[in-house]
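Nothing in this text is a laboratory measurement; each read-out follows from the coordinates by a stated rule. All of these numbers come straight from a predicted model, not from anything done at the bench. Virtual Cβ from ideal backbone geometry, glycine too; neighbours counted across all protein chains shown.
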Amino acid sequence: MVKRRDDGATAWDTLVALVESAIFALAGSPGLRTVMRCMYDIDPHHSPAVSFTDQVNGLVTKAQREGSLRPGISGADLAS
């Protein structure tokens, strides 16, 4: 059994919501992927999501501690 935080959401629940939100954002904005790819082609070091890296990695670590995410997964794996 996964221990829940005070708000009732586990780190796994939060990760799932984050990934779902990203998928729906991409699906709802068909041109977004093209723009993101263009930005990468212009500047491969452009990383607007870098500000979320620590937060995502923190959620991954918490989910692993909860036992809801296997070891060996990183925040970068979720972005692939």
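Membrane-span-like helices of the chain, defined as complete DSSP H segments with a Cα extent of 24 Å or more along the helix axis and a mean Kyte hydropathy of at least 0.0, are identified as 11-28. From least to most packed, judged by other beta carbons within 10 angstrom and beginning with the fewest, V56, V16 follow the order V16, V56. In the chain, taking the dipole from charged Cβ atoms about the Cα centre, the farthest positive-side position among F24, T14, F52 is held by T14. Cβ crowding within 10 Å ranks T53, T14 as T53, T14, fewest other Cβ atoms first. Checking (i) -0.34, -0.54, -0.70; (ii) -0.43, -0.63, -0.77; (iii) -0.29, -0.46, -0.60 against the coordinates, the calculated log10 I(q)/I(0) by the Debye sum over Cα atoms at q = 0.12, 0.15, 0.17 Å⁻¹ falls under label (ii).
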